[in-house]
Every structure is written in C-alpha cells, then in structure tokens.
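These notes are about the structure you will find just below.
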Amino acid sequence: MNLRWFIRSQSIVTLAAGMIYPYYLLFLKNLGNSFTKYGLAFAVFTISSAAVSQWLAPRLDSHGIRILTWSSLGMMLAMLVFPWVESYAWVLALQLLMGVCNAMQKMSERLLIADHTKWGERGAVIGAYHFWTSVASGFAVIIGGYVIDWLTINALFYVSALLYATSAWVTWRAGNMFNA
C-alpha cells in the first residue's frame with residue numbers, strides 16, 4: 001500500500017470519527033440518561049477493543065489491509081444504525097462493534113506503517129501521519145458543529161458513515177494496487 005494513500009485513508013477515518021465523537025457523547029448521555037450508563041457503554045467499547053486485539057494479533061501480519069478495510073466498513077455500519085437506536089441494549093451492542101473496529105483499525109494502521117517503512121526512516125512517515133490525521137481531527141469537530149446546526153445529529157451520523165465508506169474504498173483500492 002502506498003503510504004500517501006494510507007495517510008489519506010486514515011485522515012478520512014479521523015475526520016469521520018472526530019466529526020461525530022463530541023456529539024456522539026451527547027447522544028449517549030441523552031439515551032442512557034446517567035453517567036453510570038455512559039461509563040458502562042464506554043467501558044464496553046474499550047474492553048471489547050482490548051479483548052479482540054488478543055484474538056486479532058496472530059492474524060494481523062497476513063491480513064493487515066483487509067482488516068483495515070473491514071474496520072471502516074464496520075464503523076460505517078455502526079454510524080448508519082446509531083440514529084435508529086432507541087434502547088440502551090442496542091447502544092451496548094454498537095459499542096461492542098465499535099470496540100472491535102477500533103482494535104482492527106489501530107492494530108492494522110501500526111502494522112502497515114511498520115511494514116512500509118524502514119528502520120531509521122519511520123520518523124518522517126509517522127510525523128506526516130500524525131500531522132494529517134490531527135489536522136483532519138481539528139477540522140472534523142468544526143465541520144460537525146456546522147452540520148448539526150444546519151441539519152441534525154442523525155445527518156452527522158450519516159455523513160460520518162459516508163466518510164468511513166470512503167476510507168474503506170480508498171484502503172481497498174490502495175491495497176489492490178499494492179498487491180497487484
């Protein structure tokens with residue numbers, strides 16, 4: 001996979017996540033109606049991410065690009081479903097899915113950076129990666145605020161889903177170009 005395309009793909013993921021995250025917290029708080037329920041929902045996310053990383057680790061080397069693509073598709077699905085959620089049980093199920101996708105994304109991104117750089121030359125790539133994903137994150141929150149002001153939080157979930165789908169497509173295309 002070309003690192004330029006990898007950075008673009010992950011900047012799109014960061015944009016999608018950053019756009020929804022601050023407003024998603026409000027969504028969870030309103031649906032759960034308590035900080036305890038919010039804490040449990042976030043714990044399901046983090047613990048599922050940690051747990052799946054142990055299962056995922058031995059499979060990562062041979063399937064990094066596919067795992068990265070599937071993580072974006074899974075997040076796209078979660079974003080499409082969230083506006084329809086009316087029960088806390090569904091929030092927990094989606095948090096589980098998002099935790100799995102988070103582990104897939106984080107582990108495969110690190111693997112791909114390591115695989116496509118050489119020792120002694122990684123700093124520049126990691127710097128570029130961090131710069132562009134951080135810039136995307138900053139703009140994401142601003143864009144998210146405008147989308148909510150003009151439309152609704154549901155529209156923000158759908159825009160985020162579209163961005164995750166775009167990232168999956170970019171990763172899939174770049175992975176196919178790399179493997180060709």
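Taking the Cα centre of segment 55-180 as the origin, how large is its charge dipole in debye, to the nearest 20, when only Lys and Arg (+1) and Asp and Glu (-1) carry charge on their Cβ atoms? Kindly include the intermediate steps, with their values, before the conclusion.
On the way: 7 positive and 6 negative charges, 67 e Å.
Charge dipole of segment 55-180: 320 debye, to the nearest 20.
Report the accessible area of HIS130, computed with a 1.4 Å probe over the heavy atoms of all protein chains in place, in Å² rounded to the nearest 10.
Looks like 120 Å² after rounding.
Using +1 at the C-beta of Lys and Arg and -1 at the C-beta of Asp and Glu, which of GLY74, PHE131, ALA43 has the Cα lying farthest in the positive direction of the dipole of segment 21-142?
ALA43
Which order, highest average first, do 98-107, 142-151 follow once you tally other Cβ atoms within 10 Å for each residue and take the mean per peptide?
98-107, 142-151
Can you give the accessible area of PHE42 in Å² (nearest 10), computed on protein heavy atoms with a 1.4 Å probe?
70 Å²
Can you grab the distance from the C-alpha centre of segment 44-67 to the C-alpha centre of segment 115-144, Å, no decimals?
Spelled out, the Cα-based centre of one part sits 21 Å from the other.
Need one number: nm distance between label points at LYS106 and ILE126, each 7 Å from Cα along Cα→Cβ, rounded to one decimal.
With each label placed 7 Å out from Cα toward Cβ, I get 1.6 nm.
At 1.4 Å probe size, with no ligands or nucleic acids counted, give the accessible surface of GLU121 in Å², nearest ten.
It works out to around 110 Å².
The values are calculated or read from the model by the stated rules, or taken from the named source; none is laboratory data. If you're wondering where the values come from, they're calculated on a predicted model, not measured in any experiment. All Cβ positions, glycine included, derive from the backbone under ideal geometry; neighbour counts span all protein chains shown. We work out accessible area using only protein heavy atoms, side chains counted, and drop any ligands, DNA or RNA first. Shrake-Rupley method; radii C 1.70, N 1.55, O 1.52, S 1.80 Å.
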